[in-house]
Amino acid sequence: MNSNEDDRKVTRRQFVGSALGAAVVAGAISNSPVEGAQRPNILFILADDMGWGDLSCYGRPDYRTPNLDRLAQQGMRFTDAYAAAPVCTPTRVGFLTGRYPARLAVGLEEPITERKELGERIKTVGLPPDHPTVASLIKAAGYETALVGKWHLGYLPNFGPLKSGFDEFFGIMSGAGDHFTHKDMMGDADLFEGEVPVERAGYSTDLLTNRAIEYIRRPHKKPFYLSLHYTAPHWPWEGPADVAVSNAIKYSSLGFRAGGSLKIYGEMMKSLDAGIGRVLDALRSAGLERDTLVIFTSDNGGERFSYNWPFTGQKMDLHEGGIRVPAIVRWPGIVPPGRTSERHVITMDWTATMIAAAGTRPDKAYPLDGEDLRPILLGQHLSSDRAFYWRTVRQGAMRSGKWKYIREGKNESLFNLSVDEHEQADFKDAEPRTLHLLRGKFNDWESGVLAYPKS
């Protein structure tokens, strides 16, 4: 754990706040579920396809993200945060369940498969409604739960947010919707209120922001958990003024991926940052800022217009650019402001942390692969020999300490991320024992998860 705060003077108010926060969290860690008054509201914000360097506080040079930069200044910014997968659906499986995506069939799907039945496209794979989720567990602990934004974990009538622990839902079911028409890649309407299709005029980032603000402002008799899953900056690349781009779009996978520019991407990012700023302002105006745990991250690494330096690779790839993501946590009175952490964390850790913060526990039949990060947020220096694992149809990878193992077909690579985050110098010949060790660990992990169906 590194911090640029260590040499600064701490005011009495900061000291008392930090000490009180530490006492509260320490009690929550050691005791049974805490009383409702001690539990925070939880706001989890997930960007869609945002690269590690796409915020100015992570190095983006061509535009500014002042609201997320400010959030980082108010809490803890992670330099070594990872997504559970290099693409949307598996990471969302990892987050909702707190477990490696490859433990579930839907975690192997991207895109989710479909069949035609009676003239309708019937989606056959999704997040099983009987599987515990972060939403169902927190709801059972006495929270109000809502998802605003992107679901992408299976389609009606068999799957959906309301079947997996959320009290309410407003957003899209598919992997990508036009930001103005709110239609999916096939041209079908894809904006839902609960399980009912609805029509709304407006840019998607603004619609999701407005709904989140409305949710925060309404009276709550219980603590709330709001998952705000933005659809930006995912393609189709349309800024808030690009109605003409939307009007000309071709409804297909290729059409949605066409076009774009660095300028348009910058406008999408600035709009997203402004929307998050409005949501955070709503927390403050409602008097809820100090009572709310805020977590911000992305579902995978960036794509065509992302700034991923110093990493190589991008979305869909298991090099660092495809899985390293920004991550920021603010928890007033608990997390000291202005901290930067080099702790290796992964999507499922946010799940475990939120469940613990809500004063409850995971289902014993579905043990989490994530780790409760509250001690890290309090600044405790914990040693860890954790290893992270990833797998796609064509690649497998793991990180253990400074070492990164990647396998693609019969080809293997070994990188030392402490000296080569760009993953250019292959150490497999110089470190055969390390290669053998990591290969064995990866094979052991892979033997305990689902295999990809044979084509």
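The values are calculated or read from the model by the stated rules, or taken from the named source; none is laboratory data. No experiment lies behind these values; they were computed from the predicted model shown. Positions of Cβ are generated from backbone atoms using ideal geometry, with glycine treated the same way; all protein chains shown enter the neighbour counts. We work out accessible area using only protein heavy atoms, side chains counted, and drop any ligands, DNA or RNA first. Shrake-Rupley method; radii C 1.70, N 1.55, O 1.52, S 1.80 Å.
Projecting label points 7 angstrom from Cα along Cα→Cβ for ASP426 and LEU254 puts them 3.4 nm apart.
Take every pair of alpha-carbon atoms less than 8 Å apart whose residues are at least six positions apart; their mean separation over the length of the range 214-364 yields a relative contact order of 16 percent. Across the protein chains, with a 1.4 Å probe defining accessible surface, the residues ASP444, ASP385, ASP69 rank ASP385, ASP444, ASP69 from largest area downward.
Of the listed residues GLU238, GLU371, GLU199, GLU342, the order by accessible area with a 1.4 Å probe, largest first, is GLU199, GLU342, GLU371, GLU238.
Restricting attention to the chain, close to 55% of DSSP beta bridges with both partner residues there are antiparallel. Counting heavy atoms of the protein chains alone, SER285 has an accessible area of about 100 Å² for a 1.4 Å probe.
For LYS222 and SER418, the difference between the fully extended length at 0.36 nm per residue and the C-alpha to C-alpha distance is 66.1 nm.
Computed on the chain, with alpha-carbon pairs under 8 angstrom and 6+ residues apart, the relative contact order is 25 percent. Checked against a 26 Å cut-off, the cross-linked pairs LYS150/LYS250; LYS150/LYS263; LYS222/LYS270; LYS150/LYS402 give Cα-Cα distances beyond that limit for LYS222/LYS270; LYS150/LYS402.
In a reduced charge model with +1 at each Lys and Arg Cβ and -1 at each Asp and Glu Cβ, the range 205-361 shows a dipole moment near 440 debye about its Cα centre.
Quick one: in the range 140-215, what % of C-alpha pairs are over 16 Å apart? The calculated P(r) of the range 140-215 puts 46 percent of pairs beyond 16 Å.
Counting Lys and Arg as +1 and Asp and Glu as -1 over every other residue whose Cβ lies under 11 Å from the Cβ of GLU446, the net charge comes to +3.
You can think of it this way: the chain between SER246 and LYS364 has 37.8 nm of extra reach, that is 0.36 nm per residue less the Cα-Cα gap.
Across the range 58-63, computed HN-Hα scalar couplings (Karplus, 6.51 cos²θ - 1.76 cosθ + 1.60, θ = phi - 60°) run 10, x, 4, x, 9, 7 Hz from first to last residue, x flagging Gly and Pro. In percent, rounded to a whole number, the relative contact order of the range 105-261 is 21, using alpha-carbon pairs under 8 Å and six or more apart. Stretched out straight at 0.36 nm per residue, the stretch from GLU446 to THR79 would grow longer than its current Cα-Cα span by 129.4 nm. Once you've got the Cα coordinates, tell me which of LYS163/LYS364; LYS163/LYS441; LYS315/LYS441 are over 30 Å apart. In this structure, LYS163/LYS441 lie more than 30 Å apart at Cα. The residues of the chain have, on average, 42 Å² of accessible surface per residue, using a 1.4 Å probe with all protein chains present. Solvent-accessible surface of protein heavy atoms, probed at 1.4 angstrom with all chains present, puts TYR307, TYR230 in the order TYR307, TYR230, largest first. The computed log10 I(q)/I(0) by the Debye sum over Cα atoms at q = 0.06, 0.07, 0.09 Å⁻¹ for the structure shown corresponds, within (i) -0.36, -0.48, -0.75; (ii) -0.35, -0.44, -0.66; (iii) -0.24, -0.33, -0.55, to (iii).
Solvent-accessible area assigned to carbon and sulfur over the chain amounts to 52 percent, based on a 1.4 Å probe. Heavy-atom accessible surface of GLU421, to the nearest 10 Å², is about 70 Å², with a 1.4 Å probe and all protein chains retained. So, R0 is 22 Å and r is the distance between the beta-carbons of ASP62 and ARG304; what FRET efficiency does that work out to, to 0.05? About 0.90, to the nearest 0.05. Counting only protein heavy atoms and using a 1.4 Å probe, the accessible area of PHE170 comes to about 10 Å².
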